[in-house]
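Take a look at the structure set out below.
The values are calculated or read from the model by the stated rules, or taken from the named source; none is laboratory data. In this text the structure is predicted, and so the values were computed from the model without any measurement. All Cβ positions, even for glycine, are placed from backbone atoms using ideal geometry, and neighbour counts span all protein chains on display. Accessible surface areas use protein heavy atoms only, side chains included; no ligands, DNA or RNA. Shrake-Rupley method; radii C 1.70, N 1.55, O 1.52, S 1.80 Å.
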Amino acid sequence: MPVPQLNRRSFHSFAFFAALFPAVFLSSSAACAQTPLQRKLQAIANDAKGKVAVACALPGSSLNCDLNAHSAPPMQSVFKAPLALAVLHQVELGKLSLDQPIRFLPSDRILPHAYSPLWDKYPDANVDVPLRELLRLAVSLSDNVAADILLRIVGGERPVADYIASLGVTGFHLLDNENALHHDVAVQYRNTFEPTGAVEFLRLISDHSPLTPEHTNLLLSWMDSSRLNTRIGGDLPQGVRVAHKSGTSDVDAGLAHATNDIGLITLPDGRRLAIAVFVTDSRADDATRDKIIARITRAVYDAAVNPARQ
């Protein structure tokens with residue numbers, strides 16, 4: 001039976017409306033292309049009253065949780081995990097030592113007072129702190145002053161960004177330190193991490209780390225002990241191991257610029273699921289934003305454990 005063909009008038013009518021309303025045709029096509037998991041994630045993301053970006057990856061799986069996965073959300077303190085990787089690389093090159101003392105200078109303090117357990121402990125600064133401790137504080141406790149000291153000793157933001165790019169990780173843009181972020185709200189939108197790139201970073205340290213096993217495990221241990229686990233780990237079954245790094249902005253006039261978490265989740269079969277969730281410019285409250293990340297993570301975890309849910 002011959003396939004019906006559009007006559008010239010019908011074709012031109014279709015072309016006219018497609019040109020007039022391209023967003024309608026494109027959004028409809030994108031919606032049809034979404035997997036059941038992606039539609040579920042989108043429904044959860046709607047509660048954010050803002051933008052939500054998600055990416056994930058699991059070896060040996062066709063898992064697809066992409067949601068605005070190639071966007072460029074502000075990463076906030078998520079950058080401290082790649083920063084630690086870059087510093088540990090310098091240790092392996094022999095340029096730094098984990099036990100070497102690093103001077104905490106008065107000029108390292110971020111005024112007005114920024115979150116920093118290091119500064120709380122040494123309000124007058126002028127003390128030597130082992131490099132290992134600065135790394136732990138930056139990754140596990142998200143210490144802002146410790147992170148800026150680490151940036152100072154490796155030569156600033158550019159060498160860190162260049163090193164991460166040299167590893168094949170895409171979409172990591174680090175242009176400013178914590179001191180700059182604390183003095184200009186707009187600056188945080190310059191430090192971005194594409195969700196797919198964040199997942200590439202996680203897969204890198206999980207599957208083929210550029211570091212020695214000793215230093216890789218050290219980095220993962222700092223991520224394991226990260227203080228905030230109500231996001232990626234918030235809805236996971238008890239006992240599931242998570243290594244993650246969160247990032248959080250201030251809230252200005254009810255607008256939360258960035259509520260983020262990236263991490264590796266160990267599945268029952270031993271594989272590690274990499275996931276990155278970034279909530280940007282959200283009008284939802286703190287608890288809701290955290291819960292959105294937790295719910296998204298649980299949906300992806302369930303799909304990873306039971307592929308029928310994808």
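With respect to L150, is the statement that it is in contact with a Lys or Arg (Cβ under 9 Å, 6 or more places away or on another chain), under 15 Å from D99 (Cα atoms) and buried (at least 23 other Cβ atoms within 10 Å of the Cβ) true? Judged against the criteria, L150 is a match.
Scanning segment 186-199 for residues that are among the hydrophobic types (A, V, I, L, M, F, W, C), surrounded by 14 or more Cβ atoms within 10 Å (Cβ to Cβ) and part of a helix (DSSP H, G or I) gives V187, A198, V199.
Show me the helices (runs of 4 or more DSSP H) found entirely inside segment 25-124 where at least 2 residues are without any contact (Cβ under 8 Å) to a residue 40 or more places away in the chain.
36-45, 117-121
Scanning segment 244-277 for residues that are open to solvent by less than 10 Å² (accessible area, probe 1.4 Å) and free of Cβ contacts under 8 Å to residues at least 24 places away in the same chain yields a total of 1. The set of residues in segment 59-98 being over 20 Å from G171 (Cα atoms) and hydrophobic (A, V, I, L, M, F, W, C) consists of L63, L88, V91, L93, L96, L98. Checking each residue of segment 227-243 against the condition of being closer than 17 Å to S61 by Cβ, within 17 Å of the chain's Cα centre (by Cα) and open to solvent by 10 Å² or more (accessible area, probe 1.4 Å) gives no match.
Looking at D261, D235, just one residue is closer than 25 Å to N306 by Cα, part of a strand (DSSP E or B), charged (D, E, K, R) and modelled with pLDDT of 95 or more, and that residue is D261.
Just one of the listed residues (V169, V145, V160) is buried (at least 19 other Cβ atoms within 10 Å of the Cβ) and over 26 Å from H70 (Cβ atoms), and it is V145.
Would you check if S77 is closer than 22 Å to H215 by Cα, crowded, with 21+ Cβ neighbours inside 10 Å, touching a helix residue (DSSP H, G or I) at 6+ places or on another chain (Cβ under 9 Å) and polar (S, T, N, Q)? So S77 passes the test. Taken together, the residues in segment 101-112 that are open to solvent by 50 Å² or more (accessible area, probe 1.4 Å) and within 17 Å of R132 (Cβ to Cβ) amount to 2. Report, by residue number, each residue of segment 43-61 that is of a type in the set (G, A, S) and either open to solvent by less than 10 Å² (accessible area, probe 1.4 Å) or in contact with a Pro (Cβ under 8 Å, 6 or more places away or on another chain) (or both). Within segment 43-61, A45, A48, A53, A55, S61 qualify.
Criterion first (buried (at least 18 other Cβ atoms within 10 Å of the Cβ), within 29 Å of N229 (Cβ to Cβ) and among the aliphatic types (A, V, I, L, M)) does L98 satisfy it? No; evaluated as a whole, the condition is false for this residue. With the condition kept exactly as written, say whether any residue in segment 212-221 is of a type outside the set (G, A, S), in contact with a strand residue (DSSP E or B) (Cβ under 7 Å, 6 or more places away or on another chain), at negative phi and touching a residue at least 40 places away in the same chain (Cβ under 8 Å). Scanning segment 212-221, I find at least one residue that is of a type outside the set (G, A, S), in contact with a strand residue (DSSP E or B) (Cβ under 7 Å, 6 or more places away or on another chain), at negative phi and touching a residue at least 40 places away in the same chain (Cβ under 8 Å), so the answer is yes. S142 meets the conditions (1) hydroxyl-bearing (S, T, Y); (2) touching a strand residue (DSSP E or B) at 6+ places or on another chain (Cβ under 9 Å); (3) in a helix (DSSP H, G or I) in every case but one. The failed one is (3). Can you spot a residue in segment 178-185 that is outside any strand (DSSP E or B), open to solvent by 20 Å² or more (accessible area, probe 1.4 Å) and either at positive phi or among the β-branched types (V, I, T) (or both)? Yes: one or more hits.
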